[in-house]
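Visitor: Here's a structure for you.
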Amino acid sequence: MNKIRKAVLPVAGFGTRFLPATKATPKEMLPIIDKPLVQYAVEEAIDIGIEEIIFITSPSKYSIKKHFDKSLDLEDRLIESGKHEFVEKLNPSKFSKIKFHYVMQHEQNGLGHAISLAEDLIHDEPFAILLPDDLFFSEDSCLSQLKRTYMNTNSSVIAVNRIDKNNIHKYGVISPGIQEANSIEILDIVEKPNADEAPSDIAVCGRYILTSSIFKKLKNVKPDKSGEIQITDAIKLLIEDETVNACIYEGEKFDCGSKLGFVEATIAISLRDKEIGHKVKDLINKL
Ligand code: UTP
């Protein structure tokens, strides 16, 4: 079985729902407390043994590259002024052996199109995809849960969770087959169905482990109504040739691409922060 060594992080979207904050700052750089969303995703990937991170980015998102480049000048200054405790925050040691790649997506033609741009760097290996605006919190991370299902099945696997019918039209939704423990075979998948046409209440969330056959399928996907190439449509084609499983994610999930999800994540994460958690609780009670 092939090891999962590479992860693709698409970060080239417009972040329209967060305007004006995203006019000059990438959505993925918005912080939950003191850490940008994209760093949570990168750490989740590194923690399961990922060695190469492939960002699909755009020229206006230079700050993402700057964030992951080693900042030696500032490190020297921190050491000179005795602020040693900040050095690990500035240049985390867990990043030191990771190879970061930056591939430009010049036209935002959708998530599927963004993923297709990683083909030359992935070649024929299975790989992970993390959408940084979905933030997951659990002792065993979302990607680690997917990796276990991948190891048990040697097949592509997608993270899913159950969604209220009123919100199902915002997600990719699976038609479930046989379930074993928390792994379900996917019979079919549909992007953003109407509530009355949705095949289930089981929706895709932003973590995937896919075989490289997805690149062939992406070439055959036609743009949707809004002109975007959807990864869901490529997965639908993949299911015709290969088993694709869904892994029911166990833990908390925050949709930080929406304002409400972002605020919810900020409150939840700050409440469990050792330094400020109890004060945040007092603040909320006062409000
Ligand atoms: P979203 O649709 O949630 O992000 O895409 P968006 O398009 O930036 O947000 P809105 O809808 O305009 O507010 C999920 C992920 O896919 C990336 C985004 O950056 C985000 O991380 N993406 C999306 C790309 O990299 N390229 C695209 O063409 C589209």
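Visitor: Which members of the range 7-54 meet the condition of being away from the ligand (no atom under 14 Å from the Cβ) and more than 16 Å from Cys142 (Cα to Cα)?
Guide: Across the range 7-54, the qualifying residues are Ala24, Pro31, Ile32, Ile33, Asp34, Lys35, Glu51, Glu52.
Visitor: Let me ask something else about it. Taking into account only those residues within the range 94-133 that are charged (D, E, K, R) and over 18 Å from Ser156 (Cβ atoms), which is most open to solvent (accessible area, probe 1.4 Å)?
Guide: Lys97
Visitor: Continuing with this model, one more query. Checking Ile50 against (1) open to solvent by 60 Å² or more (accessible area, probe 1.4 Å); (2) of a type in the set (A, V, I, L, M, F, W, C); (3) closer than 18 Å to Ile209 by Cβ, only one condition comes out false. Which one?
Guide: (1)
Visitor: Can you tell me which residue within the range 142-174, out of those that are farther than 20 Å from Tyr40 by Cβ and hydroxyl-bearing (Ser, Thr, Tyr), is nearest to the chain's Cα centre (by Cα)?
Guide: Tyr171
Visitor: Among residues belonging to the range 142-201 that are in a strand (DSSP E or B) and among the acidic types (Asp, Glu), point out the one that is most open to solvent (accessible area, probe 1.4 Å).
Guide: So, considering only residues that are in a strand (DSSP E or B) and among the acidic types (Asp, Glu), the one most open to solvent (accessible area, probe 1.4 Å) is Glu180.
Visitor: Could you check the range 55-69 and list, in sequence order, the residues that are away from the ligand (no atom under 15 Å from the Cβ) and loosely packed, with under 12 Cβ neighbours inside 10 Å?
Guide: Of everything in the range 55-69, those that are away from the ligand (no atom under 15 Å from the Cβ) and loosely packed, with under 12 Cβ neighbours inside 10 Å turn out to be Lys66, Asp69.
Visitor: On to the next question. Out of the residues in the range 1-22 that are of a type outside the set (A, V, I, L, M, F, W, C) and not in a loop (DSSP other than H, G, I, E, B), state the one that is surrounded by the fewest Cβ atoms within 10 Å (Cβ to Cβ).
Guide: The extreme case among them is Thr16.
Visitor: What is the number of the single condition among (1) part of a loop (DSSP other than H, G, I, E, B); (2) away from the ligand (no atom under 16 Å from the Cβ) that Asp73 does not meet?
Guide: Against the list (1) part of a loop (DSSP other than H, G, I, E, B); (2) away from the ligand (no atom under 16 Å from the Cβ), Asp73 comes up short only on (1).
Visitor: Follow-up question, since we're still on this one. For the range 23-41, state whether one or more residues are under 25 Å from Asp124 (Cα atoms) and open to solvent by less than 60 Å² (accessible area, probe 1.4 Å).
Guide: yes
The values are calculated or read from the model by the stated rules, or taken from the named source; none is laboratory data. Note that the coordinates shown come from a computational prediction; the quantities given were computed from them, not determined experimentally. Positions of Cβ are backbone-derived with ideal geometry, glycine not excepted, and every protein chain shown enters the neighbour counts. Surface areas here come from the heavy atoms of the whole protein model, side chains and all, with no ligands, DNA or RNA. Shrake-Rupley method; radii C 1.70, N 1.55, O 1.52, S 1.80 Å.
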